[in-house]
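K.L.:
Quick one: this structure, given as structure tokens, is what I'll be asking you about.
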Amino acid sequence: MIIVTGGAGFIGSNLIKALNLRGETNILLVDHLVNGRKMLNIADLNVADYMDKSEFIQKIDEPGFLDGVKAIFHQGACSATTEWNGQFVMNNNYDYSKRILHRCIEHNIAFLYASSASVYGNGDHGFSVDRSCEQPINMYAYSKFQFDQYVRRLLPTTTSPIVGFRYFNVYGPREQHKGSMSSTAYHFNNQVKEYKVARLFEGYDGMANGEHKRDFVYVGDVVDVNLWFFDHPEQRGIFNLGTGTAEPFNAIAEAVIAWHKEGTIEYIPFPEHLKGAYQSYTQADLTDLRQAGYSKEFLTVSQGVTLYLDWLND
């Protein structure tokens with residue numbers, strides 16, 4: 001059996017879809033379906049069982065519960081970068097993850113988990129997987145950073161397959177439930193469809209209008225990397241998961257407008273509440289990922305957005 005936590009979420013549901021395409025259906029989907037609209041992400045998936053995360057975290061300590069489990073893809077978390085209830089965030093993203101990690105080590109189960117590029121803060125020190133580059137600027141980022149630190153301390157003490165992925169700006173199918181946290185590609189698509197306009201932030205932090213740059217990575221590429229490490233359990237550690245190329249938000253908007261063959265770009269004032277807590281530039285350093293042996297090229301924004309909009313507007 002394979003367990004996917006956050007299995008009804010964005011990356012989790014795409015992972016399950018890819019596993020299904022491999023013929024794998026003996027999957028336990030773990031989630032917390034307070035937002036019932038997430039069922040749209042999993043209605044076409046084939047799994048063996050569903051379990052709420054509260055029941056899962058209780059059962060994980062029971063003798064025999066993890067017998068026969070090959071891997072846990074741990075994607076479940078509070079992903080809101082605007083959540084400042086530190087106790088809530090640490091319970092969900094740190095304590096919960098530690099318990100799963102220790103059970104995986106005890107049973108020699110592959111543990112592949114979601115970290116985040118947000119650990120690099122404003123990026124002033126670069127984007128290498130190194131402590132000197134890490135400076136989280138919000139509670140979500142701190143929780144991911146602290147768990148990575150915990151994993152680093154344990155890696156030399158075990159041979160269990162443990163892999164963390166620092167996701168950069170992921171976009172693609174099955175993210176519509178995230179609301180305001182959905183990707184700009186999703187929001188620009190809706191804006192162009194309804195208003196014929198894509199709205200981007202004006203300049204801030206030394207960047208021109210719409211020129212804040214991020215490493216936008218298509219969810220299909222994210223899934224491919226996860227499954228590559230699942231297939232190569234000898235590779236362990238924490239890795240960046242982006243394309244290695246920063247592209248501006250303007251490029252996303254232009255790709256959406258090109259797909260619709262109509263629309264213009266409009267720039268709106270940069271929100272006050274984001275000032276000082278916003279990443280103006282991100283670009284994954286893929287040195288460690290390439291050295292581990294992953295050689296596949298990543299989709300560009302133009303390629304990925306085209307695939308996404310083909311799906312989204314079908």
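K.L.:
State whether one or more residues within the stretch 147-158 are outside any helix (DSSP H, G or I) and assigned by TED's automatic domain parsing to the domain that holds LYS38. Spell out the reasoning first.
P.N.:
Let us first name the residues in the stretch 147-158 that are outside any helix (DSSP H, G or I), namely 158.
Among the residues that remain, those that are also assigned by TED's automatic domain parsing to the domain that holds LYS38 are: 158.
Among the residues of the stretch 147-158, at least one is outside any helix (DSSP H, G or I) and assigned by TED's automatic domain parsing to the domain that holds LYS38, which makes the answer yes.
K.L.:
Does GLY121 satisfy the criteria of being out of contact with any Phe, Trp or Tyr (no Cβ under 8 Å at 6 or more places or on another chain), at pLDDT below 90 and surrounded by fewer than 23 Cβ atoms within 10 Å (Cβ to Cβ)? Reasoning before the result, please.
P.N.:
Working: out of contact with any Phe, Trp or Tyr (no Cβ under 8 Å at 6 or more places or on another chain): yes; at pLDDT below 90: yes; surrounded by fewer than 23 Cβ atoms within 10 Å (Cβ to Cβ): yes.
For GLY121, the condition - out of contact with any Phe, Trp or Tyr (no Cβ under 8 Å at 6 or more places or on another chain), at pLDDT below 90 and surrounded by fewer than 23 Cβ atoms within 10 Å (Cβ to Cβ) - is met.
K.L.:
Hey, another quick one. For the stretch 296-314, what are the residues that are among the hydroxyl-bearing types (Ser, Thr, Tyr) and within 14 Å of THR243 (Cβ to Cβ)? If you could, list the steps in order and put the result at the bottom.
P.N.:
The initial filter retains those residues of the stretch 296-314 that are among the hydroxyl-bearing types (Ser, Thr, Tyr), namely 300, 302, 306, 308.
Within the stretch 296-314, THR300, SER302 qualify.
K.L.:
Going by the structure shown, is GLU272 in the same structural domain as PHE188 (by TED's automatic domain parsing) and either modelled with pLDDT of 95 or more or in contact with a strand residue (DSSP E or B) (Cβ under 7 Å, 6 or more places away or on another chain) (or both)?
P.N.:
Considered against the rule, which asks whether it is in the same structural domain as PHE188 (by TED's automatic domain parsing) and either modelled with pLDDT of 95 or more or in contact with a strand residue (DSSP E or B) (Cβ under 7 Å, 6 or more places away or on another chain) (or both), GLU272 comes out as no.
K.L.:
Next question. If only one of SER143, SER180 is polar (S, T, N, Q), outside the structural domain of SER13 (by TED's automatic domain parsing) and either touching a residue at least 12 places away in the same chain (Cβ under 8 Å) or within 24 Å of TYR278 (Cβ to Cβ) (or both), which one is it?
P.N.:
From the options SER143, SER180, the qualifying one is SER180.
K.L.:
Note down all Cβ pairs under 7 Å where the first residue falls in the stretch 295-308 and is in contact (Cβ under 8 Å) with a residue 60 or more places away in the chain, the second is buried (at least 16 other Cβ atoms within 10 Å of the Cβ) and of a type in the set (Val, Ile, Thr), and they're at least six residues apart or on different chains.
P.N.:
What qualifies is PHE298/VAL217; PHE298/THR243; VAL301/ILE252; VAL305/ILE252; VAL305/VAL256.
K.L.:
Across the stretch 216-275, what is the number of residues that are free of Cβ contacts under 8 Å to residues at least 24 places away in the same chain and crowded, with 23+ Cβ neighbours inside 10 Å?
P.N.:
Residues in the stretch 216-275 being free of Cβ contacts under 8 Å to residues at least 24 places away in the same chain and crowded, with 23+ Cβ neighbours inside 10 Å: 0 in total.
The values are calculated or read from the model by the stated rules, or taken from the named source; none is laboratory data. Note that the structure is predicted; figures quoted are calculated from it, not measured. All Cβ positions, glycine included, derive from the backbone under ideal geometry; neighbour counts span all protein chains shown.
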